[in-house]
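Chemist: One structure, pasted below without further comment.
The values are calculated or read from the model by the stated rules, or taken from the named source; none is laboratory data. The shown structure was predicted, so the numbers you read here are calculated from the model rather than taken from an experiment. In this analysis, Cβ positions are derived from the backbone assuming ideal geometry, glycine residues included, and neighbour counts consider all displayed protein chains. Surface areas here come from the heavy atoms of the whole protein model, side chains and all, with no ligands, DNA or RNA. Shrake-Rupley method; radii C 1.70, N 1.55, O 1.52, S 1.80 Å.
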Amino acid sequence: MKQVTAWIVWCLMAGTALAESPNIVFILVDDLGWSDLACYGHPWHRTPNIDHIAKQGVRFTDAYASAPICSASRASILTGKTTARLGFEFVTKNTPGYQKIDGPTLLKPPPYTMNLPLEEETIAELLSTEGYETAFFGKWHLNQHYRRYLGWSPTHGPQQQGFQVAEEDFGAHPYVWKKTPPPSIDQEGEFPDDSMVDRVCKYIRRDHDRPFFVMASSFYVHTPVWNQTAWLLDYYDATIPTGEANRAKRIEYAAFLETLDHHVGQIMKAVDESDQADNTLVVFFSDNGGHPEYTTNAPLRGSKWNLYEGGIRIPMLARWPGKITPGITSRQPVVGYDLLSGFLSVAGNTNIATDGAAIAWDSLESESSADRDLLWHFPYYHPEAGYANALPSIGVGDFEVSQARPQSALRSGRYKLLWFAEDDRCELYDLQTDLGEQHDLSHDQPEKTATFEARLKEMLQKQHARMATPR
């Protein structure tokens, strides 16, 4: 009798969800910098399909990844928890253990986190209880590499974390090229077929009897940055001014990014040609800042792997016809661990307890959340190989890999504090007047610095953050 009653309740829930809840298409891209898109002001990158999402919806100026590195950011997104609370602050590895750095370091980071724990409730599991079908395609990177780099684990893959549909596929990303590059494409306007993107589009075009959440997790624009599209390389070689720093890699990167834009256009076309376009929330998001050897992240300081703005401030766009006013810009601070609450809220669940704040999709022009505290925690060193030869300081658009040391950060309103664990030192910046974090205010405003430092350390303590410890 209990089983029959539960089935009736679920059917009623699913029917209500189908009538009231929108579909959600979440496009998560890899290593895309905040200033890489044309709609964020880039002077020569062509990203018309991604820009079109901004024209039809909202462009966030103050959106942040939860971490400056892949696995940690993705784990935080899926669970709605900070990396400090999760104890998942770095990338997964083949085997457990500790960092081995090729240079002297003062602190010992915590051991690697190998898998997203199965007891963690994910977006997919929570939306399933709201009557959604959930699907995942692309890059997972939340388990020990299984059989190959980034291989999905049979015990900790997407299907074990609540995704009812999950298909593993690298698509056309150079991860699959190995030692045999595919033929070049010379015809202007042509792109390589990408089977992973095809799977996403096929899923969206299916007839669905209930709302769906699909996570299209792209491998682009992560290295290796190699292109089949010879015609795009020719275009950017003729477009990028002679004398630009790091020009050869920037040509490769620009073509790679335009390939990603083509993929996003295919997904958006599938949404628009479905009969659910007006009832679909689309969110576009990057997992961390840009790679310092391929993009500048300027005017932001830093890059992927550190907690300056270039490592964590990222592009975020959203479209929801009838709910999000087309063409608006939102300056609300939003962070990756807000997305779980943001997605659950459109399904009607506003009671979930997370570290994030539910995104008010229909009032994004308001700046009511500007004074909330955002937290980051990175108790590791980077790069693991090459640390000794990396730059000791972190600059703006220098195309160099720098030494990242154990650090944490807090943003509150216009101010951002960084705390460096090695020497218990703080830096304070006013992001409203100093977006590039060039003028450290910690000595000029010691009381404000002390207040933010105490707040940061209290948050880390309450969340039982793992810390790097003296050797």
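Chemist: Go over the candidates F191, F170 one by one and state the one that is within 25 Å of P154 (Cβ to Cβ), touching a Leu at 6+ places or on another chain (Cβ under 9 Å) and assigned to a loop (DSSP other than H, G, I, E, B).
Modeler: None of the others qualify; the one that does is F170.
Chemist: Follow-up question, since we're still on this one. When you scan the range 211-227, do you find a residue that is open to solvent by less than 50 Å² (accessible area, probe 1.4 Å), part of a helix (DSSP H, G or I) and without any contact (Cβ under 8 Å) to a residue 40 or more places away in the chain, even just one?
Modeler: no
Chemist: Continuing with this model, one more query. Would you be able to tell me the number of residues in the range 119-136 that are surrounded by fewer than 21 Cβ atoms within 10 Å (Cβ to Cβ) and either of a type in the set (F, W, Y) or farther than 12 Å from A347 by Cα (or both)?
Modeler: 4
Chemist: Go through the range 40-70 and report how many residues are among the aliphatic types (A, V, I, L, M) and over 30 Å from G87 (Cα atoms).
Modeler: 4
Chemist: Which count do you get for residues in the range 48-61 that are buried (at least 24 other Cβ atoms within 10 Å of the Cβ) and under 30 Å from T242 (Cβ atoms)?
Modeler: 1
Chemist: Follow-up. Based on this model, can you work out whether Q266 counts as modelled with pLDDT under 95, open to solvent by 40 Å² or more (accessible area, probe 1.4 Å), more than 30 Å from F420 (Cβ to Cβ) and not small (G, A, S)?
Modeler: It is false that Q266 is modelled with pLDDT under 95, open to solvent by 40 Å² or more (accessible area, probe 1.4 Å), more than 30 Å from F420 (Cβ to Cβ) and not small (G, A, S).
Chemist: What are the pairs, 6+ residues apart or on separate chains, where a residue within the range 433-448 that is among the hydroxyl-bearing types (S, T, Y) has its Cβ under 7 Å from a residue that is part of a helix (DSSP H, G or I)?
Modeler: What qualifies is S442/T449.
Chemist: Of (1) closer than 18 Å to H222 by Cα; (2) surrounded by fewer than 21 Cβ atoms within 10 Å (Cβ to Cβ), K139 satisfies all except one. Which?
Modeler: (2)
Chemist: Which of the residues belonging to the range 191-206 are under 22 Å from E125 (Cα atoms) and either surrounded by fewer than 16 Cβ atoms within 10 Å (Cβ to Cβ) or not charged (D, E, K, R) (or both)?
Modeler: Answer for the range 191-206, where residues must be under 22 Å from E125 (Cα atoms) and either surrounded by fewer than 16 Cβ atoms within 10 Å (Cβ to Cβ) or not charged (D, E, K, R) (or both): V200, Y203, I204, R206.
Chemist: Same structure again: Find all pairs meeting these conditions: Cβ atoms under 9 angstrom apart; at least six residues apart or on different chains; first residue within the range 263-279 and touching a residue at least 60 places away in the same chain (Cβ under 8 Å); second residue in a helix (DSSP H, G or I) and among the aromatic types (F, W, Y).
Modeler: A270/Y203
Chemist: Continuing with the same structure: Do you know which residues across the range 240-252 are among the β-branched types (V, I, T) and surrounded by 14 or more Cβ atoms within 10 Å (Cβ to Cβ)?
Modeler: I240, I251
Chemist: Same structure again: Hey, any hits in the range 146-163 for a residue that's open to solvent by 30 Å² or more (accessible area, probe 1.4 Å), of a type in the set (D, E, K, R) and part of a loop (DSSP other than H, G, I, E, B)?
Modeler: yes
Chemist: Could you tell me whether any residue of the range 53-67 is outside any loop (DSSP other than H, G, I, E, B), hydroxyl-bearing (S, T, Y) and out of contact with any helix residue (DSSP H, G or I) (no Cβ under 7 Å at 6 or more places or on another chain)?
Modeler: Among the residues of the range 53-67, not one is outside any loop (DSSP other than H, G, I, E, B), hydroxyl-bearing (S, T, Y) and out of contact with any helix residue (DSSP H, G or I) (no Cβ under 7 Å at 6 or more places or on another chain), which makes the answer no.
Chemist: Out of all the residues in the range 277-335, which are among the aliphatic types (A, V, I, L, M), part of a helix (DSSP H, G or I) and open to solvent by 10 Å² or more (accessible area, probe 1.4 Å)?
Modeler: Correct list: A277 only.
Chemist: Shifting gears a bit: Output the residues belonging to the range 345-368 that are open to solvent by 30 Å² or more (accessible area, probe 1.4 Å) and among the aliphatic types (A, V, I, L, M).
Modeler: I352, A353, A357, A358, A360
Chemist: Restricting the search to the range 330-346, which residues are among the aliphatic types (A, V, I, L, M) and over 19 Å from E120 (Cβ atoms)?
Modeler: V334, V346 - these are the residues of the range 330-346 that are among the aliphatic types (A, V, I, L, M) and over 19 Å from E120 (Cβ atoms).
Chemist: From F378, F399, which residue is closer than 16 Å to R301 by Cα and either under 21 Å from the mean Cα position of the chain (by Cα) or of a type in the set (F, W, Y) (or both)?
Modeler: F399
Chemist: Could you give every pair whose Cβ atoms fall below 8 Å, whose first residue belongs to the range 175-193 and is over 16 Å from Y220 (Cβ atoms), and whose second residue is open to solvent by 100 Å² or more (accessible area, probe 1.4 Å), counting only separations of at least 6 or pairs across chains?
Modeler: What qualifies is P181/W226.
Chemist: Take the residues of the range 62-84 that are among the β-branched types (V, I, T) and in contact with a strand residue (DSSP E or B) (Cβ under 8 Å, 6 or more places away or on another chain): which is surrounded by the most Cβ atoms within 10 Å (Cβ to Cβ)?
Modeler: Per the criteria, the residue is T83.
Chemist: Under 21 Å from T295 (Cβ atoms) and in contact (Cβ under 8 Å) with a residue 40 or more places away in the chain: does that describe A404?
Modeler: Yes; evaluated as a whole, the condition is true for this residue.
Chemist: Something else now. Would you confirm, using the coordinates I've provided, whether R85 is more than 14 Å from the chain's Cα centre (by Cα), of a type outside the set (A, V, I, L, M, F, W, C), within 13 Å of Y337 (Cβ to Cβ) and part of a helix (DSSP H, G or I)?
Modeler: yes
Chemist: Contact list please: Cβ distance under 8 Å, first residue in the range 150-162 and farther than 10 Å from F136 by Cβ and in contact (Cβ under 8 Å) with a residue 60 or more places away in the chain, second residue open to solvent by 30 Å² or more (accessible area, probe 1.4 Å) and hydroxyl-bearing (S, T, Y), pairs at least six apart or on different chains.
Modeler: As it stands, the answer is none, since no pair meets every condition given.
Chemist: Right, here's the next one. Based on what the data block shows, is R206 charged (D, E, K, R), more than 24 Å from W226 (Cα to Cα) and without any contact (Cβ under 8 Å) to a residue 40 or more places away in the chain?
Modeler: In short, yes.
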